[in-house]
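Written out below as structure tokens is the structure these notes cover.
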Amino acid sequence: MTEDKERCLNAPDTEREELPVDVALVGAGPASLACAIHLRRLLAERGLEDKTVLVIDKAEEIGHHTLSGAVMDPRGLAGLFPDWRERGCPIEAEVGEDWAEILRPGGGSRRIPAPLTPPQLRNHGNVIISLNRLVRWLGEQAEELGCEVYPGFPAAEVTYDGERVTGVVTRDSGLDKEGAKKPTFEPGMRVSAEVTVFAEGSRGHLTKGLIKRLGLDAGANPQTWATGVKEIWEVPEETGAAMFGKVMHTGGHPLGTDAYGGGFIYGLSENRLALGFAVGLDYHDARLDPHALFVRWKQHPRIAGLLQGGKILRYGAKTIPEGGIFALPRLSGDGFCLIGDAAGMVNASTLKGVHLAIESGRLAAEAIADALAGNDTGSGALGRYDELFADSWVKKELWGVRNYRQAFDGGLFAGMVDFAAQRVTGGRGFFKRRPGHTDHSTTRPLSESKLGAPTFDDGLFLDKLTDVYHSGAVHEEDQPNHLVINDPTICATRCPEEYGNPCQHFCPAAVYELPEGELQLNPSNCVHCKTCDIADPYENIEWVVPEGGGGPKYTDM
Ligand code: SF4
């Protein structure tokens, strides 16, 4: 294995079954399933029904690893299925009313008057969804059209012929902690494909290695992420009815003016609320803890009041790529395409990416179908995807907010002033192109940290372990650790002194603990959010795909 290739925990020198397909899609989120659906239709139009389209996913069931807010702009879905409503696409509610509030640290809150609400936070015409339910429905549509959809098959390694991607190898199962084969050992398959589509979601493990190996991000800004923490609550009927179809975003408490982030509450059906808090991982405090900030946010009387008398149903966390168009890598190459969150297609100003993910999958399908029809799946033919993207409404939308997130690098007020300028300069703002930075490079020494732990209880303000229980996260315990520490000596020497082992704080699933001053890992808790792979100040942690079926078991998220 070369250094610029992804790390893989599979057993070396192992005989593997080969599964040849025409198109392999890695990950079963909205981008991937939209791509598979559209591709099957295009192949049928071209008389290429015999081509095989395979979707593989690391989750035990489709949707188990899928989480989002989510208020969806239906534009992407309507491009895929103009009759998406008539087909029974699951939605929670039409957005009836939306607003933004500033939470004051002392306890009060102030609603921003409608004319002053930033246009990107206006959601009329959008729908509240469970992304988890949406992808399950998309999975059914894909299977009806003849796509093979295999959950429980994590892609562990990319195979290459020179610079050409030739497929993936799925993860072995039945290896013990030391990597030795147990009696239950099952080797991963070698999936060889004419085209491999990387749709792993945010900070995809294989996508990260591919971008690095082929230099796909040459000339791009460093990607920047937020971590979002979410719960679903069942609330008393009165609260549920009052909030149904409502969309509330918050700024202010518990963040100061030197951090980027905020909270949301969306009113679902059946007296449920989706609530969450996202914070930029470039927050410089070494004790940055997205879960702790979420708890502090819930402790604000305005939020706590909405949860009174309710109970938690679900918990989860994910990272969100926020770097925008200047952080996008090249989207295609010899034998491959990148789509959705894996490529970084999120509009950070509207907090939305599902519509962009679906459309990116649809555009990639157009290029792949033509490439297969022409028996040429090289970088020239698949480069049509980059061209289609350049002419698309996805590009136009992202271009319109091209400097949005980077403008907040200098703090909230500087960002707001620049954003106001962006609105009258077609997205440009004060600078033609702001440069961005890696998140981990912004962490300041522990001696400057001001953040502390919140207080928890058994009711509204749950600790991490109680929350993780509600994510359903579980992994086979006796397997190689999928959270690889490159240099453990750093964890015991430099890191405690310089940053106070920030992994114990930024992980939203209590995977990293220091019970007696020594780092101890609980990989079974991992909800696959990838925060550790991004935020570690020494880039010392690598998230590597575990055995199939491990991870959270999200439903309704
Ligand atoms: Fe997220 Fe890493 Fe914690 Fe897993 S170990 S939940 S990927 S921060």
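Within region 506-520, identify whether any single residue is modelled with pLDDT of 95 or more and of a type in the set (V, I, T), and answer yes or no.
For region 506-520, residues modelled with pLDDT of 95 or more and of a type in the set (V, I, T): present.
Looking at I91, I62, I37, which one is surrounded by 24 or more Cβ atoms within 10 Å (Cβ to Cβ) and not in a helix (DSSP H, G or I)? Spell out the reasoning first.
Details: I91 fails: surrounded by 24 or more Cβ atoms within 10 Å (Cβ to Cβ); I37 fails: not in a helix (DSSP H, G or I).
Result of the check over I91, I62, I37: I62.
For region 526-543: of the residues being open to solvent by less than 20 Å² (accessible area, probe 1.4 Å) and under 20 Å from L446 (Cβ atoms), which is farthest from the ligand (Cβ to nearest atom)?
The qualifying residue farthest from the ligand (Cβ to nearest atom) is N540.
Read through the list (1) open to solvent by less than 40 Å² (accessible area, probe 1.4 Å); (2) within 14 Å of the ligand (Cβ to nearest atom), then give the number of the only condition that I490 fails.
Of (1) open to solvent by less than 40 Å² (accessible area, probe 1.4 Å); (2) within 14 Å of the ligand (Cβ to nearest atom), only one is false for I490: (2).
Output the number of the condition that P523 fails; it satisfies all remaining conditions of (1) within 9 Å of the ligand (Cβ to nearest atom); (2) buried (at least 24 other Cβ atoms within 10 Å of the Cβ).
Status for P523: all satisfied but (2).
Quick one: which of W393, W399 is modelled with pLDDT of 95 or more, open to solvent by 60 Å² or more (accessible area, probe 1.4 Å) and of a type in the set (A, V, I, L, M, F, W, C)? Give the derivation first.
Values: W393 fails: open to solvent by 60 Å² or more (accessible area, probe 1.4 Å).
The conditions single out W399.
Do any strands (runs of 3 or more DSSP E) entirely within region 124-198 hold 3 or more residues that are out of contact with any Phe, Trp or Tyr (no Cβ under 7 Å at 6 or more places or on another chain), and if so, which? Working first, answer last.
Values: elements: 148-151, 155-161, 164-170, 173-175, 181-186, 190-198.
Qualifying strands (runs of 3 or more DSSP E): 148-151, 155-161, 164-170, 181-186, 190-198.
Could you please give the count of residues in region 295-352 that are within 16 Å of the ligand (Cβ to nearest atom) and either charged (D, E, K, R) or in a loop (DSSP other than H, G, I, E, B) (or both)? Quick ask: steps written out before the conclusion?
First pass over region 295-352, keeping only residues within 16 Å of the ligand (Cβ to nearest atom): 314-321, 341-342.
Going one step further and asking which of them are either charged (D, E, K, R) or in a loop (DSSP other than H, G, I, E, B) (or both), we end up with 314, 318, 341.
Of the residues in that region, 3 qualify.
Only one of L255, L216, L206 is open to solvent by less than 30 Å² (accessible area, probe 1.4 Å) and within 16 Å of the ligand (Cβ to nearest atom). Can you tell me which? Quick ask: steps written out before the conclusion?
On the way: L255 fails: within 16 Å of the ligand (Cβ to nearest atom); L216 fails: within 16 Å of the ligand (Cβ to nearest atom).
Answer to the selection: L206.
Test D556 against the stated conditions and say whether it is more than 15 Å from the ligand (Cβ to nearest atom), open to solvent by 20 Å² or more (accessible area, probe 1.4 Å) and over 23 Å from the mean Cα position of the chain (by Cα).
Working: more than 15 Å from the ligand (Cβ to nearest atom): yes; open to solvent by 20 Å² or more (accessible area, probe 1.4 Å): yes; over 23 Å from the mean Cα position of the chain (by Cα): no.
It is false that D556 is more than 15 Å from the ligand (Cβ to nearest atom), open to solvent by 20 Å² or more (accessible area, probe 1.4 Å) and over 23 Å from the mean Cα position of the chain (by Cα).
For region 208-243, what are the residues that are assigned by TED's automatic domain parsing to the domain that holds H284 and part of a helix (DSSP H, G or I)?
Scanning region 208-243 gives E237, E238, T239, G240, A241, A242, M243.
Note down all Cβ pairs under 7 Å where the first residue falls in region 510-531 and is more than 16 Å from C495 (Cβ to Cβ) and free of Cβ contacts under 8 Å to residues at least 24 places away in the same chain, the second is near the ligand (Cβ under 9 Å from one of its atoms) and open to solvent by less than 20 Å² (accessible area, probe 1.4 Å), and they're at least six residues apart or on different chains.
Note: pairs meeting the criteria are N522/A510; N522/V511.
Which residue, of L43, L9, is in contact (Cβ under 8 Å) with a residue 40 or more places away in the chain, farther than 17 Å from F81 by Cβ and within 25 Å of the chain's Cα centre (by Cα)?
Details: L43 fails: within 25 Å of the chain's Cα centre (by Cα).
Going through L43, L9 in turn, the sole match is L9.
Do we have S471 as more than 30 Å from I232 (Cα to Cα) and either within 16 Å of the ligand (Cβ to nearest atom) or of a type in the set (S, T, Y) (or both) here?
Values: more than 30 Å from I232 (Cα to Cα): no; either within 16 Å of the ligand (Cβ to nearest atom) or of a type in the set (S, T, Y) (or both): yes.
No.
Is it true that some residue in region 225-248 is more than 25 Å from D463 (Cβ to Cβ), touching a helix residue (DSSP H, G or I) at 6+ places or on another chain (Cβ under 6 Å) and either open to solvent by less than 30 Å² (accessible area, probe 1.4 Å) or aliphatic (A, V, I, L, M) (or both)?
Looking for residues that are more than 25 Å from D463 (Cβ to Cβ), touching a helix residue (DSSP H, G or I) at 6+ places or on another chain (Cβ under 6 Å) and either open to solvent by less than 30 Å² (accessible area, probe 1.4 Å) or aliphatic (A, V, I, L, M) (or both), one finds none in region 225-248, hence no.
Scan region 144-194 for residues that are crowded, with 20+ Cβ neighbours inside 10 Å and of a type in the set (K, R) and jot them down.
Of everything in region 144-194, just one residue is crowded, with 20+ Cβ neighbours inside 10 Å and of a type in the set (K, R), namely R171.
The values are calculated or read from the model by the stated rules, or taken from the named source; none is laboratory data. Note that the coordinates shown come from a computational prediction; the quantities given were computed from them, not determined experimentally. Cβ atoms come from the backbone with ideal geometry, glycine included; neighbour counts cover every protein chain shown. These area figures cover heavy atoms from the full protein model, side chains too; ligands, DNA and RNA do not enter into them. Shrake-Rupley method; radii C 1.70, N 1.55, O 1.52, S 1.80 Å.
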